[in-house]
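Participant: This structure is in structure tokens; I'll ask about it shortly.
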Amino acid sequence: MSNSWIKLGCFLTGYKYSRLKYCSIASEKTVKKYTSAILLICMLWGFIGYGFTNLYIISPEAESAAPRIIINLLGSAIMIVAVLQIERQIILSDRTNWRARSIRIVIGFIMAIIGSIIIDQMLLHKDIQAADEPSIRVDADAKTKVDIDNMNKRIDEIRNSIAQWNEEIKNMDGQVYQENTSSTSNKSVGKVNGKDSVLTTSLTNSHSKTPIQNPNIDRITQYNSNIQNNIAKIDSILQGENSVHENAMEYVRKNRGFLKEMDALYLVLFKSNSWSALIVWMMFWLLFFLIEMFVLAIKFFDKNNDYDEAVQHQMEIYIEQLKALEYDTSKNI
């Protein structure tokens, strides 16, 4: 179990296990301290990454539990890897590197602020929602106005379509007749030179109308069906207007962004009559900042152990070998 813990510590810190196993117990103790501090920081930021992803990154439409959990775990893993790389920069850096130390302090300060804000947004969720309610109502009213305008435009478009179809039906409807034309020839016969002859011929045309089936009956039926369907759409839209404001409120609450909740958190911390929220936030910030400084404190306040000395000694030997090689090469030239 001890070797497994040390191997895990070497993996997290970047130490070389093949060298560490020949070092003293003091070096192993240092690795264990680093491991405990890194695991504490990683667990903390894994939780923060999970909560941040769940609140602000994952889509509100992803209602299925499995995709939400997978995406949340992915956000948590990304945060853990990022924190781990930051801590390795400190552990594997030179003890005299004050620039890295200063940058790590600044990063720790910023990370503590971000972490405490995210934790407070989860713990003070109801207080933030209450403080954000006026802003939610303003946004919901604006969305309601836009939605109602869109509904009215849609109703006008449907009514225009119905009017066009009615006009088409009016033009095509009615009894349709087929015209029939017949001709009658009239002849007058008389005596010419004692013989019967046709004296005059007249042609009489007669017209009649026969009712037939309207050839546009299928189109008229289709237009009537379209009119009934669109009247039903208008009724559905009008019924939806009764709940448009409630739907807008639900939409605005579900799609509240990080910056909007930051504004609400600011109201809770600094504009409320109670100082309890600000005290809670400052306590979390101080806790996170001190946890962030764990690895930095171990690195720069503990003395060098034999592992550090062995690494330093090996580096010096390689440098001397390189200098000797450079000298021999220049001498031969």
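The values are calculated or read from the model by the stated rules, or taken from the named source; none is laboratory data. Fair warning: this is a prediction, and the values are worked out from it, not measured in the lab. Glycine gets a Cβ as well: all are built from the backbone with ideal geometry, and neighbour counts include every protein chain shown.
Participant: Restricting the search to segment 13-25, which residues are surrounded by 13 or more Cβ atoms within 10 Å (Cβ to Cβ) and farther than 12 Å from residue 295 by Cα?
Facilitator: Answer for segment 13-25, where residues must be surrounded by 13 or more Cβ atoms within 10 Å (Cβ to Cβ) and farther than 12 Å from residue 295 by Cα: 14, 15, 17, 19, 20, 21, 23.
Participant: Could you list, in sequence order, all residues of segment 274-330 that are under 18 Å from residue 109 (Cα atoms) and outside any helix (DSSP H, G or I)?
Facilitator: Listed by number, the list holds a single entry, 293.
Participant: Of (1) touching a residue at least 60 places away in the same chain (Cβ under 8 Å); (2) not assigned by TED's automatic domain parsing to the domain that holds residue 38, residue 152 satisfies all except one. Which?
Facilitator: Among (1) touching a residue at least 60 places away in the same chain (Cβ under 8 Å); (2) not assigned by TED's automatic domain parsing to the domain that holds residue 38, residue 152 violates only (1).
Participant: Residue 76 passes all but one of (1) crowded, with 20+ Cβ neighbours inside 10 Å; (2) modelled with pLDDT under 90; which number fails?
Facilitator: All conditions are met except number (2).
Participant: I'd like the full set of residues that are farther than 24 Å from residue 27 by Cα, small (Gly, Ala, Ser) and loosely packed, with under 15 Cβ neighbours inside 10 Å, limited to segment 258-305.
Facilitator: 272, 274, 276
Participant: Additional query: Residue 233 - would you say it is in a loop (DSSP other than H, G, I, E, B) and farther than 30 Å from residue 127 by Cβ?
Facilitator: no
Participant: Counting only residues that are under 23 Å from residue 34 (Cα atoms) and assigned to a helix (DSSP H, G or I), how many does segment 68-112 have?
Facilitator: Here the count works out to 31.
Participant: Could you please find all residues in segment 131-172 being at pLDDT below 80 and loosely packed, with under 15 Cβ neighbours inside 10 Å?
Facilitator: 166, 167, 168, 170, 171
Participant: Is at least one residue of segment 50-58 closer than 18 Å to residue 258 by Cβ, surrounded by fewer than 14 Cβ atoms within 10 Å (Cβ to Cβ), at pLDDT below 85 and touching a helix residue (DSSP H, G or I) at 6+ places or on another chain (Cβ under 9 Å)?
Facilitator: Among the residues of segment 50-58, at least one is closer than 18 Å to residue 258 by Cβ, surrounded by fewer than 14 Cβ atoms within 10 Å (Cβ to Cβ), at pLDDT below 85 and touching a helix residue (DSSP H, G or I) at 6+ places or on another chain (Cβ under 9 Å), which makes the answer yes.
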